[in-house]
Amino acid sequence: VLLKGGHVPGAEVFDVLVSESGTRWFSHPRIDVEGHGTGCTLAAAVAAGVARGASIEIAVADAIEFVNRALALSYHPGKGAIAVLDHLAAAPLPFNR
C-alpha cells in the first residue's frame, strides 16, 4: 500500500509504502504548485517500474522522483490556477535505466 502525503500541510511531503518487506518512508520538499493528476501519474509510474522489473521499493522511489520533476516542470495552458504536469520533460533520458 502506498499512501501519498501531498494534501497534508507542511514544507515537506511524506509518502509511506507498506509492503511485505516492511514500511518505508519517502520525504521530499513540497513544490508550491497546484497540480492536477499527481496521484494518477504516480500510480502509472509505479506500475511501469514494476513492469520493467524493478522492486516495488525502487519503482516507488523512481515514481516519486518522476512526479516531482513533472510537477516542478508543470505549466499553465490557460488562465486557470491548476498546473498541468509536464510528463515528457520529466522523463529520464535515455528511456531505459
| task | Name the one entry in Leu2, Leu71 that is at pLDDT 95 or above, surrounded by 12 or more Cβ atoms within 10 Å (Cβ to Cβ) and more than 15 Å from Pro92 (Cβ to Cβ). | result | Leu2
| query | Does Ala54 fit the bill of being without any contact (Cβ under 8 Å) to a residue 24 or more places away in the chain, surrounded by 15 or more Cβ atoms within 10 Å (Cβ to Cβ) and of a type outside the set (D, E, K, R)? | reply | yes
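If you scan the stretch 1-51, which residues turn out to be of a type in the set (Ser, Thr, Tyr) and touching a residue at least 24 places away in the same chain (Cβ under 8 Å)? Even if it seems obvious, please write down each step before you answer.
Within the stretch 1-51, the first condition is being of a type in the set (Ser, Thr, Tyr), and the residues that meet it are 19, 21, 23, 27, 38, 41.
Passing the criteria: Ser19, Ser21, Thr38, Thr41.
Yes or no, residue by residue, for (1) at pLDDT 95 or above; (2) closer than 24 Å to Gly10 by Cα; (3) basic (Lys, Arg):
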site: Thr23; (1), (2), (3): yes, yes, no
site: His28; (1), (2), (3): no, yes, no
site: Gly35; (1), (2), (3): no, yes, no
site: Tyr75; (1), (2), (3): no, yes, no
site: Ala81; (1), (2), (3): no, yes, no
site: Leu85; (1), (2), (3): no, yes, no
site: Ala89; (1), (2), (3): no, no, no
site: Pro92; (1), (2), (3): no, no, no
site: Asn96; (1), (2), (3): no, no, no
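The values are calculated or read from the model by the stated rules, or taken from the named source; none is laboratory data. Everything numeric in this text was worked out from a predicted model, so none of it was measured. Positions of Cβ are generated from backbone atoms using ideal geometry, with glycine treated the same way; all protein chains shown enter the neighbour counts.
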